[in-house]
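In what follows, a single structure is set out as structure tokens and then discussed.
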Amino acid sequence: MIDRVDDSQRGSPHLPPLAPADLPAYPGSFWRLVGPGAVLVGLSIGAGELIIWPTAVGRYGSGMIWAAGVGILFQMIINLEVARYTLATGETAYTGYARLWRGYAVVFIILNVTSWLLPGWARSCGSALRALVLGPRVTPAEGGPDWLWTALTFAIVTLALFGPKVIYRSVERWTESMVIIAVLGLIILAALVGTADHWKAVVRGAVNLGHKEPSVGYPRFFSWIVFAGAGGTANLFYSFYLRDKNMGMGARIPVLTNILRDRQPRDSLTGYRFPDHEPNVKRWRRWWRHALQDQLLFFWLLNSFTILLFIFASLAVVHPMTERGLVQWDGLRAYYQGKEIGFLALEALALGRMFPPAMTIFLLVAVATLLSTQLTLVDGVARSLSDLIHTNFAFARRKPLGVWYAWVAGAWIMLGCVLTYVLETSTRAQSFLFLTGFSGGIAMAIYCPLTMLMNRRFLPASARPGPLMMGLMGLASAFYVGYAVYSVFTLLAR
């Protein structure tokens, strides 16, 4: 049985309509398909959880922790709606937006570039690796500049992406390993430095809804909320992970392969739409239940757990120092002042003063979290830009998707090294991470409403979001749109 695809389902005329096909059956084991949610966690527990929120708590205390919880909750809802479209069609969310209007392809190319161009995430990883290898007291002048160590981390990323034949499989294995290291290390740190009073402060901050320190501007506060989780266009990377894990209709889409290892890659530009009869409806319900379980277990629970542990460590170690005016403690003023990336050295030395092994554990956790973020960001940006270009522009189809991926990933790695070198002497290194979070929030304000419209317009009736999910997604959209408009207005007014 094949249902008719009307004009509203055809979308933009530059793309063919969704082809009719039955939804693949669920393989029967949740753990067999574990991976996409864990990779998204590996992307999430980077600069935002390791640096941005612990820095905020170290300076201002626990009163604004609730905002991190809001960010993670809203992003879980967004992830589910992105998963809905990919599981039902096999297409990425980007292709769905382009079905609404071809110009969105250009919009999201620009948003990916502006969100991730400044390599604060890579520079933080390089500085953490230097601190782990040489010690946190070693300055860039003594142990090598940031750009050199950043280039080393990019070399590791290059080996991970262009060594194996199937790119996603390598990303999944690397990221899951880094997440395990980070979680175990954080649990050990919490046991070493924490007290019951610190946990009470965390709980009070988590329920202190609506509180914002007066000295914190809304644009910066907005960027912190965006950083609580994946944030920006990174949430849309979930589409690629689901497809390459052969989940839902993604099982009908060829996986992305390494062009250096696979000279005959198989491309697929667009996806499918399943007929709304009973067998497909039952299969869809099972796939949707899997998406719910995946997001609740990995993105919401594991993400919340890790960010609270990072915040807990900062509250126990760094905040008491800042309250006593000891941010310049132990000769760290020149290294720390004006640089959020120097926060790693501050916290590592403070932990070392309390328990010498804790310093090494913390730096190992830092490298693991930041390297997983760096790997998944390079992969995700390369997938996004190559998918947007290859799917929406006829000239790009002369080359396989894998070629475009290799070009974009290689260019992004080289550009990251160059930009880190050029901006090495900047006294405003914190703008690396602030601009990434702020522009990422603008992206979310744009694609949240588009995701609602896309899922209502193109999906079979049984796969469309119901009143509950539409309501939750509406709240998320209103939040990101409202904060984005206010933040832009505030910046322009200044």
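Taking first residues from the range 480-494 that are touching a residue at least 60 places away in the same chain (Cβ under 8 Å) and surrounded by 13 or more Cβ atoms within 10 Å (Cβ to Cβ) and partners that are assigned to a helix (DSSP H, G or I) and of a type in the set (Val, Ile, Thr), the Cβ contacts under 7 Å between residues at least 6 apart in sequence or on separate chains come to Ala484/Ile442.
Each row is one residue, and each column tells you yes or no for (1) under 27 Å from Val403 (Cβ atoms); (2) of a type in the set (Asp, Glu).
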| site | (1), (2) |
| --- | --- |
| Tyr168 | yes, no |
| Glu172 | yes, yes |
| Ile181 | no, no |
| Val203 | no, no |
| Arg220 | no, no |
| Trp224 | no, no |
| Thr233 | yes, no |
| Leu236 | yes, no |
| Lys245 | yes, no |
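Scanning the range 426-470 for residues that are under 17 Å from the mean Cα position of the chain (by Cα), at pLDDT 95 or above and of a type in the set (Ser, Thr, Tyr) turns up just one, Tyr447.
Please tell me if Leu50 is at pLDDT below 90 and more than 24 Å from Ile167 (Cα to Cα).
Details: at pLDDT below 90: yes; more than 24 Å from Ile167 (Cα to Cα): yes.
Here the answer is yes, as Leu50 does meet what is asked.
For the range 237-248, the condition of being small (Gly, Ala, Ser) and either out of contact with any helix residue (DSSP H, G or I) (no Cβ under 6 Å at 6 or more places or on another chain) or under 16 Å from Trp53 (Cα atoms) (or both) holds for none of the residues. Of the helices (runs of 4 or more DSSP H) lying entirely inside the range 128-210, those containing at least 1 residues that are without any contact (Cβ under 8 Å) to a residue 12 or more places away in the chain and closer than 28 Å to Val39 by Cα span 146-162, 167-193, 196-206. Taken over the range 353-370, the residue count meeting the criterion of being in a helix (DSSP H, G or I), surrounded by fewer than 21 Cβ atoms within 10 Å (Cβ to Cβ) and at pLDDT below 90 is 4. Are any residues in the range 254-271 among the aliphatic types (A, V, I, L, M) and either under 23 Å from the mean Cα position of the chain (by Cα) or under 19 Å from Leu296 (Cα atoms) (or both), and if so, which ones? Those that are among the aliphatic types (A, V, I, L, M) and either under 23 Å from the mean Cα position of the chain (by Cα) or under 19 Å from Leu296 (Cα atoms) (or both): Val255, Leu256.
Please tell me if Pro36 is under 19 Å from the mean Cα position of the chain (by Cα) and closer than 30 Å to Pro275 by Cα. It would help to see each step written out before you state the result.
Working: under 19 Å from the mean Cα position of the chain (by Cα): yes; closer than 30 Å to Pro275 by Cα: yes.
The answer is yes for Pro36.
Residues in the range 67-85 that are more than 14 Å from Leu301 (Cα to Cα) and either hydrophobic (A, V, I, L, M, F, W, C) or surrounded by fewer than 21 Cβ atoms within 10 Å (Cβ to Cβ) (or both): 5 in all. Within the range 216-243, the set of residues being outside any helix (DSSP H, G or I) and either under 17 Å from the mean Cα position of the chain (by Cα) or free of Cβ contacts under 8 Å to residues at least 40 places away in the same chain (or both) comprises Ala228, Gly229, Ala230, Gly231. Considering Val57, Val138, Val106, Val113, the condition of being farther than 17 Å from Leu370 by Cα, among the aliphatic types (A, V, I, L, M) and crowded, with 18+ Cβ neighbours inside 10 Å is satisfied by Val57 alone.
Mind checking whether some residue in the range 365-381 is among the acidic types (Asp, Glu) and under 21 Å from the mean Cα position of the chain (by Cα)?
Checked the range 365-381: at least one residue is among the acidic types (Asp, Glu) and under 21 Å from the mean Cα position of the chain (by Cα).
Annotation: Gly325 fulfils all but one of (1) out of contact with any Gly (no Cβ under 9 Å at 6 or more places or on another chain); (2) small (Gly, Ala, Ser); (3) modelled with pLDDT of 90 or more; the unmet one is (3). The single condition from (1) modelled with pLDDT of 95 or more; (2) closer than 30 Å to Phe221 by Cβ; (3) within 18 Å of the chain's Cα centre (by Cα) that Thr92 fails is (2). Among the numbered conditions (1) within 30 Å of Leu152 (Cβ to Cβ); (2) at pLDDT 90 or above, the only one that Asp294 does not meet is (1). From the list Gly103, Gly120, Gly126, the one residue that fits, being of a type outside the set (D, E, K, R) and more than 23 Å from the chain's Cα centre (by Cα), is Gly103.
When Glu213 is tested against (1) over 19 Å from the mean Cα position of the chain (by Cα); (2) in a helix (DSSP H, G or I), exactly one condition is not met: (2). Restricting the search to the range 203-229, which residues are crowded, with 19+ Cβ neighbours inside 10 Å and either among the β-branched types (Val, Ile, Thr) or under 23 Å from Phe362 (Cβ atoms) (or both)? Within the range 203-229, Gly205, Trp224, Ile225, Val226, Phe227, Ala228, Gly229 meet the criteria.
Candidates are the residues of the range 262-317 that are hydrophobic (A, V, I, L, M, F, W, C) and not in a helix (DSSP H, G or I); the one that is surrounded by the fewest Cβ atoms within 10 Å (Cβ to Cβ) is Leu269. Considering only residues in the range 371-401 that are out of contact with any Phe, Trp or Tyr (no Cβ under 9 Å at 6 or more places or on another chain) and surrounded by fewer than 24 Cβ atoms within 10 Å (Cβ to Cβ), the one that is nearest to Pro254 (Cα to Cα) turns out to be Pro400. Of all residues in the range 24-49, those satisfying the criterion of being in contact (Cβ under 8 Å) with a residue 60 or more places away in the chain, surrounded by fewer than 24 Cβ atoms within 10 Å (Cβ to Cβ) and not aliphatic (A, V, I, L, M) are Pro24, Tyr26, Phe30, Gly35.
Do you know which residues across the range 141-157 are buried (at least 16 other Cβ atoms within 10 Å of the Cβ) and over 28 Å from Asp379 (Cβ atoms)? Listed by number, the list holds a single entry, Gly143. If you check every pair at least six apart or on different chains, which have Cβ atoms under 6 Å apart with a residue in the range 446-462 that is hydroxyl-bearing (Ser, Thr, Tyr) first and a residue that is at pLDDT below 95 second? Close Cβ pairs (under 6 Å, with a partner that is at pLDDT below 95) amount to Ser462/Asp276.
The values are calculated or read from the model by the stated rules, or taken from the named source; none is laboratory data. Just so you know, these numbers come straight off a predicted model, no measurement behind them. In this analysis, Cβ positions are derived from the backbone assuming ideal geometry, glycine residues included, and neighbour counts consider all displayed protein chains.
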